[in-house]
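Participant: This is the structure I have questions about; it appears just below.
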Amino acid sequence: MSVVILGIESSCDDTSAAVIRDGVLLSNVTAGQAVHEEYGGVVPELASRAHQQNIIPVVDAALRRAGVEQTDVSAVAFTRGPGLLGSLLVGTSFAKGFAQSLGIPLIDVNHLQAHVLAHFVAESGVEPRFPQFPFLCLLVSGGNSQIILVSSYRDMKVIGQTIDDAAGEAFDKCAKVMGLPYPGGPHIDRLAKSGDPLRFTFSKPHIPGYDYSFSGLKTSFLYTLRDEVKANPSFISENLPDLCASLQKTVIDILMDKLSKAAKDLRISHIAVAGGVSANSALRQAFLDYGSKHRCDVYIPKFSFTTDNAAMVAITGYFKYLDGIFCDISLPPYARVTV
Ligand code: KG4
């Protein structure tokens with residue numbers, strides 16, 4: 001008998017539902033929340049209210065697109081954390097009610113593990129190319145920058161992480177200083193395409209091990225702009241592509257330096273990238289270049305699996321279902337934790 005998992009994601013500002021049958025994606029529906037744009041960042045209270053409005057239509061659309069009845073669903077997988085608590089409560093409560101009403105199991109999913117396991121979502125008509133264990137996954141998003149040693153679907157160890165800002169946060173904060181809309185990462189990516197990445201130099205951190213730091217870069221970027229704007233008030237608009245390209249190159253150099261150090265030390269030749277920042281075109285190219293230079297296999301997710309989505313929650317739930325790992329209805333969501 002086939003296993004049908006309904007996945008639900010509501011950890012930040014995307015309400016998403018997906019259906020997976022026997023590991024193959026049938027639907028993945030996401031409603032974003034434009035309401036935050038005018039505030040230059042996610043407003044938690046507004047995010048929970050928007051989730052509340054979106055959750056039923058999104059789940060309904062995911063089931064319809066999958067051609068699946070509620071009674072066909074074997075289990076409900078939901079993001080339990082980490083994330084914004086008010087947002088998580090919406091998805092968690094919905095998942096509990098849905099599972100309870102149908103008398104089916106409930107599966108809690110760690111959002112960060114789900115980003116990693118997004119690489120294992122199969123799609124019909126697409127030749128699967130799954131990472132081989134063990135592999136290193138660079139997880140880069142608005143809230144996290146981690147290097148994870150992935151030994152199996154369930155065995156993941158964070159070997160390096162940011163000690164302050166995340167890479168996406170650095171992109172977004174620097175973008176804000178340049179007057180770009182939120183989230184700034186995609187705008188920097190677009191503008192950087194016509195800029196000179198070597199035009200400006202910004203500071204890079206010197207910290208031991210595989211940990212990251214982006215707060216120094218953010219300050220160095222801010223001070224450069226402050227000093228230049230004093231001399232020329234049009235400095236930002238006249239140099240926007242070069243600023244974006246130079247900033248982007250610095251972030252990517254920082255990310256790739258530590259990742260390649262870890263891969264070399266641990267002798268791992270399978271490298272993956274995940275999370276919202278993995279949509280960055282220059283980071284994707286840096287992975288491809290790394291793969292050909294070091295003769296290793298690199299895994300870059302489809303764009304729809306880079307940002308928050310329920311397909312990754314459903315596939316994580318599917319693996320837990322196969323292992324018979326379910327959760328009790330009394331489990332609350334959690335705001336903070338690593339994999
Ligand atoms: O994983 P994600 O969707 O969610 C959270 O972390 O909550 O990641 C969002 C982050 C934002 O910081 C956004 O600016 C960044 O991913 N991002 C990008 C690009 N697309 C999204 N950063 C750089 N280049 C991109 N193309």
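Just so it is clear, none of the values below were taken in a lab; they were calculated from the coordinates. The shown structure was predicted, so the numbers you read here are calculated from the model rather than taken from an experiment. We place every Cβ from the backbone using ideal geometry, glycine too, and count neighbours over all the protein chains shown.
Participant: So how much slack lies between Asp22 and Val126, counting 0.36 nm per residue of separation and subtracting their Cα-Cα distance, in nm?
Facilitator: Numbers: separation 104, 0.36 × 104 = 37.44 nm, distance 1.51 nm.
Taking Asp22 through Val126 to full extension adds about 35.9 nm, to one decimal.
Participant: Report for segment 135-303 the percent antiparallel among DSSP-assigned beta bridges with both residues inside it, nearest 5. Working shown, then result.
Facilitator: On the way: 11 of 19 bridges.
In segment 135-303, DSSP labels about 60 percent of beta bridges as antiparallel.
Participant: From the C-alpha gyration tensor of segment 154-193, pull out the three semi-axes of the equivalent ellipsoid (sqrt of 5λ each), sorted largest to smallest, in whole Å.
Facilitator: Values: eigenvalues 145, 28, 12 Å².
Here the semi-axes work out to 27, 12, 8 Å.
Participant: Magnitude of the Cβ-charge dipole of the chain, K/R +1 and D/E -1, about the Cα centre, nearest 20 debye? Each step should come with its number before you reach the end.
Facilitator: Numbers: 29 positive and 33 negative charges, 123 e Å.
The calculated dipole for the chain is roughly 600 debye.
Participant: Further question on the same structure: Explain nothing, just compute: Karplus ³J(HN,Hα) = 6.51 cos²θ - 1.76 cosθ + 1.60, θ = phi - 60°, for every residue of segment 6-14 in order, whole Hz, x for Gly and Pro.
Facilitator: Computed from phi, the couplings for segment 6-14 are 9, x, 10, 10, 8, 6, 9, 10, 10 Hz.
Participant: Next up: Lysines within cross-link reach of Lys204: Cα-Cα under 28 Å, excluding same-chain residues under 8 positions apart?
Facilitator: Partners within reach: Lys157, Lys173, Lys176, Lys193, Lys218, Lys230, Lys249, Lys258, Lys261, Lys264, Lys293.
Participant: Let me ask something else about it. Can you give the Rg and Dmax of segment 76-119 based on its C-alpha atoms, in angstrom?
Facilitator: 11.0, 31
Participant: If you don't mind, there's one more thing I want to ask. Enumerate the residues in segment 20-50 having an amide nitrogen under 11 Å from the point lying 7 Å beyond the Cα of Lys176 toward its Cβ.
Facilitator: Inside the label zone: 39-43.
Participant: To the nearest 10 degrees, how steeply does helix 311-322 sit against the main Cα axis of the chain, on a 0 to 90 scale?
Facilitator: 50 degrees
Participant: Here's something else I'd like to know. List residues of segment 90-117, by number, whose backbone nitrogen lies under 15 Å from a label position 7 Å along Cα→C-beta of Leu266.
Facilitator: 113, 116-117
Participant: Of the GluC sites (Glu not before Pro) in segment 31-109, which ones lie in a loop per DSSP and count no more than 15 other C-beta atoms within 10 Å?
Facilitator: Values: sites: Glu37, Glu38, Glu45, Glu69; in loops: Glu69.
Passing sites in segment 31-109 are Glu69.
Participant: For the chain, take the longest principal axis of its alpha carbons; what is the angle in degrees between that and the long axis of helix 167-177, to the nearest 10 within 0 to 90?
Facilitator: Orientation of helix 167-177: about 50 degrees from the principal axis.
Participant: Okay, moving on. Compute the normalised compactness of segment 123-282: alpha-carbon radius of gyration over 2.2 N^0.38 Å, N being the residue count. Provide the component values of the computation, followed by the final result.
Facilitator: Numbers: Rg = 17.0 Å, N = 160, 2.2 N^0.38 = 15.1 Å.
In units of the globular-protein estimate, segment 123-282 measures up at 1.13.
Participant: Now for a separate question. When the gyration tensor of the chain is built from Cα positions, what are the square roots of 5 times its three eigenvalues, in whole Å, from largest to smallest? Working shown, then result.
Facilitator: Working: eigenvalues 251, 108, 55 Å².
Whole-Å semi-axes of the equivalent ellipsoid: 35, 23, 17.
Participant: Here is a follow-up. How big is the charge dipole of segment 246-314 about its Cα centre, in debye rounded to the nearest 20, if each Lys and Arg gets +1 on its Cβ and each Asp and Glu gets -1 on its Cβ? Display every interim value, and only then the final one.
Facilitator: On the way: 9 positive and 6 negative charges, 40 e Å.
Charge dipole, segment 246-314, about its Cα centre: 200 debye, nearest 20.
Participant: Also: Can you say what percent of the DSSP beta bridges in the chain, counting only those with both residues inside, are antiparallel? Round to 5. Write down the numbers at each step before the final one.
Facilitator: On the way: 24 of 43 bridges.
Given both bridge residues lie in the chain, the antiparallel proportion sits at roughly 55 percent.
Participant: Below 8 Å, C-alpha to C-alpha, sequence gap of six or more: please give me the relative contact order for segment 135-303 in percent.
Facilitator: On the way: 301 pairs, mean separation 45.2, N = 169.
After rounding, I find 27 percent.
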